[in-house]
1. I want to verify the translational diffusion coefficient of region 42-133 in µm²/s; compute it with Stokes-Einstein, Rh as the Kirkwood radius over Cα pairs, at 25 °C and 0.890 mPa s.
2. For region 93-110, just list the computed ³J(HN,Hα) in residue order, Karplus coefficients 6.51, -1.76 and 1.60, θ = phi - 60°, integers in Hz, with x standing in for Gly and Pro.
3. Tabulate in residue order the Karplus-calculated ³J(HN,Hα) for region 52-65, using 6.51 cos²θ - 1.76 cosθ + 1.60 with θ = phi - 60°, rounded to whole Hz; enter x for Gly and Pro.
4. Tell me, what ³J(HN,Hα) does each residue in region 157-172 have, in order and in whole Hz, if you take phi through Karplus 6.51 cos²θ - 1.76 cosθ + 1.60 with θ = phi - 60° and put x for Gly and Pro?
5. Could you check how much of the accessible area of region 62-185 is carbon and sulfur, as a whole percent, using a 1.4 Å probe?
6. Under a plain spin-label model, where a point goes 7 Å from the Cα along Cα-to-Cβ, how far apart in nm are THR177 and GLU21?
7. How much FRET efficiency would the formula 1/(1 + (r/R0)^6) give for ASN43 and GLU140, where r is the Cβ-Cβ distance and R0 is 41 Å, rounded to 0.05?
8. Any chance you could run the full-extension gain for GLU103 through ALA69? It's 0.36 nm times the residue separation minus the Cα-Cα distance, nm to one decimal.
Amino acid sequence: MIRNAVLLICLIVGACASQKEPAQALLDDIRLTLAGTAADAANYVPDQLHALQDELDALQRSFDHGDYAAVVSRGPAVLAAAGDLFGAATAAKGDRNRALAGEWSTLAEALPDRMSALTKRIDLLAKRSKGKGAAEKDLEARQAALRDVYSLWSKARSAFASRNIDEAVQTAEQVKTKIDALEETPLSSGR
């Protein structure tokens, strides 16, 4: 009887030991798959990433407690989910880039015309404000703001040319905001 119990314990220990390597290999594969997509997943599908990390943590706890069978049985599904995460992050990133490209297109079409119209308004103000103290100060402030608009627009176009669409759109939005502010402020004629 004792001999049978010892034999059973040896069989269980042997079975556990034989599953340790496959369990470790699964954990390593899951980590490697996650490492390849974690940055994009954190930006575009963070909830899925956190859920998958929780599952990986649970598998690691099972492994640490010697429950290699649990890792071997649940691990393949977690590994498949890690592969799916890559696809989900890639798709979400593509959707975001398409949306940004649309925004850029709209801004790139409208802003140069608005900048040109604003330049004409400020040039007109320059003609009317000569020798008029308050109007000249208003003109100087507007000219400085317009230079800032053109500088930001140049930065936005450079970012777009460098394929940094996110920065290009953010900077173009700053240009739009500055143009809006300049257009909403009435021209001072100094009369």
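The values are calculated or read from the model by the stated rules, or taken from the named source; none is laboratory data. In this text, all values refer to a predicted model and were calculated from it rather than measured experimentally. Using ideal geometry, Cβ is built from the backbone for each residue, glycine included, and neighbour counts are taken over all protein chains shown. In case anyone asks, the SASA skips ligands and DNA or RNA and just uses the protein heavy atoms, side chains included. Shrake-Rupley method; radii C 1.70, N 1.55, O 1.52, S 1.80 Å.
1. Numbers: Rh = 18.1 Å.
Here the translational diffusion coefficient equals 135 µm²/s.
2. 5, x, 4, 5, 5, 5, 5, 5, 4, x, 4, 4, 4, 5, 5, 5, 7, 8
3. After applying 6.51 cos²θ - 1.76 cosθ + 1.60, I find 5, 5, 4, 5, 5, 4, 5, 4, 5, 4, 4, 4, 4, 8 Hz.
4. Rounded to whole hertz, the list is 5, 5, 4, 5, 4, 7, 6, 9, 5, 4, 5, 4, 5, 4, 5, 4.
5. On the way: 3760 of 7080 Å².
Of all accessible area on region 62-185, carbon and sulfur atoms account for 53 percent.
6. Result for the modelled spin labels: 6.0 nm.
7. With R0 = 41 Å, the Cβ-Cβ based efficiency is 0.45.
8. Numbers: separation 34, 0.36 × 34 = 12.24 nm, distance 5.11 nm.
Taking GLU103 through ALA69 to full extension adds about 7.1 nm, to one decimal.
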